[in-house]
Amino acid sequence: GFAGYRFYTSRRNSTAAELLGNAKTPHDYQEVIERYAGTPAGASAYLLLAETQRDEKKFAQANSTLQMFVDKNPDHDFVPTARLAMAANLESMGKNDEALSIYQEVAAKYASTYNGPLALISQVTLLKAKNRIDDARRVCEEILMKYRVPGQQVEGTRDDRMETVWAGEAMRQLRSLKPPEQPKPGPAADNAPAKPPALLAAPTAGPLSPAAAPTPKARKPR
């Protein structure tokens, strides 16, 4: 019955967790994934395997592992964390455009979680490297608008304290950006004195003579 199923599930989860606790190598993590798919330990094994692969600079393999985790556990709390890890691996491979796309996706989809502001602030360095200074500035301003600054947080909550961290980092990044460029005057206008409007210009010396009338042609006698 249901009680037996619960006992079996609990026992299986416990065994998987014990095996994961003793795992130290990629092979060990792979064993947990294969033997205990669908358990919390099985899901965690994907993340630990990907971390090991990243430490070995196997960034493409790490991203394949993370993508499998996301595909098999789409509602897992660590999906946005896995997506951010994938973006970081793409940065390490020099694929900054793909990394930026993931950061933007996570920032939009998980704005109310810890990963939202982290994804936003992670965009700034990439935008600066691409010389998209105005875009980097807009991202920093978005952080300041969405996440509270010191003194405004609700007392005693860890999340609000974290929001002050993001606001502080956004301010630091803003100070490092070049100020917006002001429009430059044209080269001709740099030293030349300003010309008066046409209506105020000095009149031309001497009277204006009317245009001469056309001279009539003499008729030939018939």
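If R₀ is 22 angstrom, what is the calculated FRET efficiency for the pair residue 96 and residue 134, using the beta carbon separation as r and rounding to 0.05? Don't jump to the answer; show the numbers that get you there.
Numbers: r = 18 Å, r/R0 = 0.81.
Efficiency, from the Cβ-Cβ distance: 0.80.
Determine the alpha carbon to alpha carbon distance for each of 95/146; 57/146; 58/178; 72/109 and list only those over 25 Å.
Numbers: 95/146 28 Å; 57/146 35 Å; 58/178 36 Å; 72/109 19 Å.
95/146; 57/146; 58/178, as the Cα separations exceed 25 Å there.
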Practice item. Return, ordered by residue number, the residues of the stretch 47-70 whose backbone nitrogen is under 13 Å from a label point located 7 Å along Cα→Cβ of residue 17. Key: none
**Study point:** Global geometry of the stretch 75-139, whether rounded, prolate or oblate, following the gyration tensor of its Cα atoms and the 1.5 cut on a/c
**Key:** oblate
Practice item. Pop a pseudo-label 7 angstrom from the Cα along the beta-carbon direction at both residue 104 and residue 8 and give the gap in nm to one decimal. Key: 4.8 nm
**Study point:** Two-decimal Rg/Rh across the stretch 1-80, once Rg and the Kirkwood Rh are taken from alpha-carbon atoms
**Key:** 1.03
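Please give the FRET efficiency for residue 174 paired with residue 77, using the beta carbon to beta carbon distance and R0 = 35 Å, rounded to the nearest 0.05. Could the numbers behind the result be given before it?
On the way: r = 31 Å, r/R0 = 0.90.
Working from the Cβ atoms, E equals 0.65.
At 0.36 nm per residue, and after removing the present C-alpha to C-alpha distance, how many nm does the segment from residue 56 to residue 144 gain when stretched out fully?
Result for the pair: 28.0 nm of gain on full extension.
Bear in mind these aren't lab numbers, they're just calculated from the coordinates by the rules spelled out. Just so you know, these numbers come straight off a predicted model, no measurement behind them. Backbone-built Cβ (ideal geometry, glycine too); neighbour counts: all protein chains shown.
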